[in-house]
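Below is one structure; the comments refer to it alone.
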Amino acid sequence: MGSHTTLTRKKGVYTSLVSGLLFPIHEYLKRHGSVSARKQLEKTQWWSRAQIEQLQLDRLQRLLSHAQAHVPYYRTLFAEIDFKPTAIKAMADLQKLPLLDKAKIRNHIDALKSENAYKLARFNTGGSSGEPLIFYIGNERVSHDVAAKWRATRWWGVDIGDPEIVVWGSPIELGTQDSLRALRDRLFRSKLLPAFEMSEQKLTLFLQEIRSHRPRMLFGYPSALSHIAHHADKVGMRMDDLGIQVAFVTSERLYDEQRQQISKTFGCAVANGYGGRDAGFIAHECPAGNMHITAEDIIVEIVDRDGAVLPMGESGEIVITHLASGDFPFIRYRTGDIGRLDNESCECGRGLPLLKEIQGRTTDFVVAQDGTVMHGLALIYILRNLPQISAFKILQESLDLTRVWIVSENTLDSTISEMIKHEFQARLGKAVNIVIEQVADIPVERSGKFRYVVSKVTPS
């Protein structure tokens, strides 16, 4: 099976206290089963492919039986297509079910909730497809996603409780910085830096924060971390002497030059992660350099444009089934991302299957008239939650002109248009010309991925 490789180091007393006591208490109070789920994942990762596939099949049968019994959307669907969960005898039988996409979720959001779900949490996607999506997640799903991320963190010799810097831009995180959250972050030694604004002054402050916090790990968008690293090189501030073990990057495609920049400047390994609020924690890179799928919880299929499953090794759209999503099932969900699977084994010895390549998922920076560089999400969030808008694309043509393509069923109200212009100008500059163009549809890139922000302005 190969050697069981996980980077190990002697854990500090405080880290042991957090990971072994404080975080488990935190999860218990939130009614999360993350601790037991992570312990189980750390056993099953060493199972053989055949054992893991059997586990997937058993859990898939349970999920589909639950969906038929308790989820109105699937009860109706299964009756219409005469599908019986007991007919699932092999993984290929999953193809008997139609694909689930964002439009179906939007049209059947209440019918997708399990009738016996307890305290569902409402979530939005980050808008990477340009299409706002609201969905719900139950405690089992949250627990399993936390456990999967926690397991992957520990692959790299770090743990919850080790000092951490998080460079992030989601209003879900930034909007919950109340006193309780602040206390939790202090206890867990996690510090959040907002990725929206990347002015020279802010970047220098970020570097000072990182130096004073002396993190064992970084977490954030690859574009944001590489941008901070580039600024450190530019101002001659050394960052490779802090003892940073690893930089975890996610939410965008990681480019080779970004990996090299982050690794060189911070003197650490870079670990790529792939997933989303909707699809879950899909895959993570191990120290041997391969992307392992969280196969105990997630089945990954690769399909062509017509939804037909492609042979192993061919590129196509990534479709996932989340086996811990009984409260609001994600069964054969189209992620909109393009990738391919690999049936090779990893030298780390884990039996978890490999995601060989992920294409797409780019989030560009935009540049304000005064030279301030900010994350593209600063503009995306203005549009994302407007119910009138079904899709959008932002094109920064120059420092003086930004186009906004919008798909909407009805003509946009002038009040909404003016609000969008005002909000964009508040970020990019009052003199910037914001041109809103209502279009019938927005084409995807050649890769098959939707780029929702395209900036032709190069940060200085």
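The values are calculated or read from the model by the stated rules, or taken from the named source; none is laboratory data. These numbers come from a predicted model, not from an experiment. Methodologically, a virtual Cβ is constructed for each residue, glycine included, from the backbone with ideal geometry; neighbour enumeration extends over all protein chains shown. Side chains are part of the model used for accessible areas, which takes the heavy atoms of the whole protein and leaves out ligands, DNA and RNA. Shrake-Rupley method; radii C 1.70, N 1.55, O 1.52, S 1.80 Å.
Points to keep in mind about this one:
- Calculated FRET efficiency, Glu115 to Leu401, Cβ-Cβ distance, R0 = 30 Å: about 0.05 to the nearest 0.05.
- At an R0 of 30 angstrom, the distance between the Cβ atoms of Gln388 and Gln95 translates into a FRET efficiency of 0.25.
- Nonlocal amide H pairs with Gly307, under 5 Å, H built at 1.01 Å: none
- Dipole axis of region 35-100 (+1 Lys, Arg; -1 Asp, Glu on Cβ), positive-most option in Gln95, Phe83, Gln45: Gln45
- Note on Tyr255 and Arg277: the extension gain reaches 5.7 nm, defined as 0.36 nm multiplied by sequence separation minus the Cα-Cα distance.
- Seen from a random direction on average, the alpha-carbon convex hull of region 94-167 projects onto 7.9 square nanometres.
- Here the 3J(HN,Hα) profile of region 414-425, calculated from phi with Karplus coefficients 6.51, -1.76 and 1.60 at θ = phi - 60°, is 4, 5, 5, 4, 5, 5, 4, 4, 4, 5, 5, 5 Hz, Gly and Pro shown as x.
- Cα gyration tensor shape of region 285-375, rounded if a/c is under 1.5, else prolate or oblate by comparing a/b with b/c: prolate
- Note that region 226-233 has calculated 3J(HN,Hα) couplings of 5, 5, 5, 4, 4, 5, 4, 5 Hz, one per residue in order, obtained from phi through the Karplus relation 6.51 cos²θ - 1.76 cosθ + 1.60 (θ = phi - 60°); glycine and proline are x.
- Per-residue SASA entry for Leu187, accessible area with 1.4 Å probe, Å² rounded to 10: 70
- Residue-wise HN-Hα coupling along region 148-162, computed from phi with Karplus coefficients 6.51, -1.76, 1.60 (Hz; x: Gly, Pro): 5, 5, 4, 4, 5, 4, 5, 4, 9, x, 10, 8, 4, x, 5
- Extension gain, Gln208 to Gln369, is 55.4 nm, computed as 0.36 nm per intervening residue step minus the present C-alpha separation.
- Paramagnetic label zone (point 7 Å from Cα along Cα-to-C-beta, Gln438; backbone N under 15 Å) in region 372-398: 387-392
- Under 5 Å from the amide H of Leu341 lie the amide H atoms of Gly313, Glu314, Lys356, each residue being 5 or more positions distant or on a separate chain, with H modelled from the backbone and absent for Pro and chain starts.
- Residues whose placed amide H lies under 5 Å from that of Ala271, excluding near-sequence neighbours: Ala247, Phe248, Val249
- Kirkwood-Stokes translational diffusion coefficient of the chain, alpha-carbon pairs, 10 °C, 1.306 mPa s, µm²/s: 68
- Heavy-atom accessible area ranking, 1.4 Å probe, most first, across Tyr255, Tyr136: Tyr255, Tyr136
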